[in-house]
Each structure stands twice: as C-alpha cells, then as structure tokens.
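Inspection log for the structure reproduced underneath, given as structure tokens.
The values are calculated or read from the model by the stated rules, or taken from the named source; none is laboratory data. Bear in mind the structure is a predicted one, so any value in this text is a computation, not a measurement. Neighbour counts run over all protein chains shown; Cβ positions are idealised from the backbone, glycine included.
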Amino acid sequence: MKVVPIAALALSVACGAAQTPGSISPAKRALIKKVLNLTNTSQAVRASLNMSIMQAAATAPQAVVRSMPELQKVTPEQRKQIQQNFEAAVKRISTRAQAELPKVFDLDKAVDEIFVPVYDRQFTDADLKSLVAFYESPAGRKLVTAQPIIQNDAMKSANEMFGPRVGAMINPILTEERKKIAEDVRKLLAK
C-alpha cells in the first residue's frame, strides 16, 4: 500500500499542519464529513496503516538474517524451524503494533484534521453536495464497495507488469551503489 501518504498524514497531524477547525463553516464541515463517511475514508486509512505495519513487521526477520551470518550454515530442518519462528514473530509484531496504534493518535480525529481542510480547499459547497448525491446513489455506493477491490487488483497487475522490469533495472544500480558505499566505508575506516 501507499506508505508515503500515511507517513505524511501522521507527520501532518504530529506537526499540527492541518487548518484550524474554526475556519470552515459548520455546514461545509458537515458536508465534507458526510463525503468522508460515505467514501469510508477512515476505514481506508486504517487499512493502509495496518498494511504498512504488516510490511514493517515483515522486514524484522530480514534484519535478523543480515545480522547473523551463522544463519547461512543451518540445516534444511533448522531453516524450516527458523522460518516458522520468523512467521510467528511477524504476526506478533503486527498484532502488537496494531494494538499500540490507537495509543499513538486518534485515527478518526487525524483523518478529520487532515482531510477536512484538503476537501475544503478542493471543493465548493455545491461540489460537496454533488459528491454526497453521487455517493448516496446506487452507482456511488457500488464504487465505494468496489474501489478497494479495484485498487487491489490493479496493484497486483501493476506489480506483475512492472515488478520484474523494475527489478531488472534497479538491481544493477543497487549492486553498483553497494560497492561504492562499501568502498567509501573502507576508505573512511582506513583513515
């Protein structure tokens, strides 16, 4: 999922970058909140945050493997047990992080503080009324229901289409840059 927009959301909330609550009329605020509710914005942000947490949790075993060269010498049976331990650790990390998330910030409040000013800048009252009418229509409700599936399917297709090509393109660059970084570190340590 999109990690950068979620990070921007969290950073904006933490830095107080959102518009002050009193500067939007109550009527317009109500329209915006109705659109956000009809489009399941809080749920989408929550799902994106949970996906980010799961992706971050999945990197923990890789870090352990990189830090323990002796893991390269394990037997196939040991490797299988280590993999099972890693999978259990990923689940524990994800579960714990998701439980801690509400302690970090109120997600619904954060969504309001970020999205309400953005919608205020982008849409007039008339636009918002049209959006409400659309999202309350059968087609609008269908779009809201289908949107996560559409995004998921499109992301899978994009990964299948672009993944191998991007990998083939970036791997030589990464290899070259790793060599340069290693060389720079060796030079620095030799001083």
Of all residues in region 6-25, which are at pLDDT 50 or above, among the aliphatic types (A, V, I, L, M) and in a helix (DSSP H, G or I)?
none
Given (1) modelled with pLDDT of 85 or more; (2) surrounded by 13 or more Cβ atoms within 10 Å (Cβ to Cβ), identify the lone condition not met by residue 139.
(2)
Quick one: in region 28-38, of everything that is closer than 14 Å to residue 127 by Cβ and not hydrophobic (A, V, I, L, M, F, W, C), which residue is nearest to the chain's Cα centre (by Cα)?
34
Here the qualifying pairs (Cβ atoms under 9 Å; residues six or more apart or on different chains; first in region 96-107 and of a type in the set (Val, Ile, Thr); second part of a helix (DSSP H, G or I)) come out as 104/10
Any residue at all in region 65-72 that's part of a helix (DSSP H, G or I) and of a type in the set (S, T, N, Q)?
yes
Checking the condition within 30 Å of residue 35 (Cβ to Cβ) and β-branched (Val, Ile, Thr), which residue from 124, 59 passes?
124
Filter region 60-100 down to residues that are under 25 Å from residue 43 (Cβ atoms) and of a type in the set (S, T, N, Q) and give me whichever is surrounded by the most Cβ atoms within 10 Å (Cβ to Cβ).
94
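Residues that are surrounded by 10 or more Cβ atoms within 10 Å (Cβ to Cβ), within 30 Å of residue 29 (Cβ to Cβ) and touching a residue at least 60 places away in the same chain (Cβ under 8 Å): does region 150-165 have at least one?
No: zero hits.
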Inside region 166-185, can you point out the residues that are surrounded by 10 or more Cβ atoms within 10 Å (Cβ to Cβ) and among the aliphatic types (A, V, I, L, M)?
166, 169, 170, 174, 181, 182, 185
Kindly check whether there is at least one residue in region 115-125 that is within 18 Å of the chain's Cα centre (by Cα), at pLDDT 90 or above and among the hydrophobic types (A, V, I, L, M, F, W, C).
yes
Pairs only if they're at least six apart or on different chains, beta carbon under 7 angstrom, first in region 26-44 and assigned to a helix (DSSP H, G or I) and of a type in the set (Asp, Glu), second surrounded by 16 or more Cβ atoms within 10 Å (Cβ to Cβ) and modelled with pLDDT of 95 or more; list them, first residue then second.
none
If you check every pair at least six apart or on different chains, which have Cβ atoms under 9 Å apart with a residue in region 114-128 that is among the basic types (Lys, Arg) first and a residue that is surrounded by fewer than 20 Cβ atoms within 10 Å (Cβ to Cβ) second?
121/19
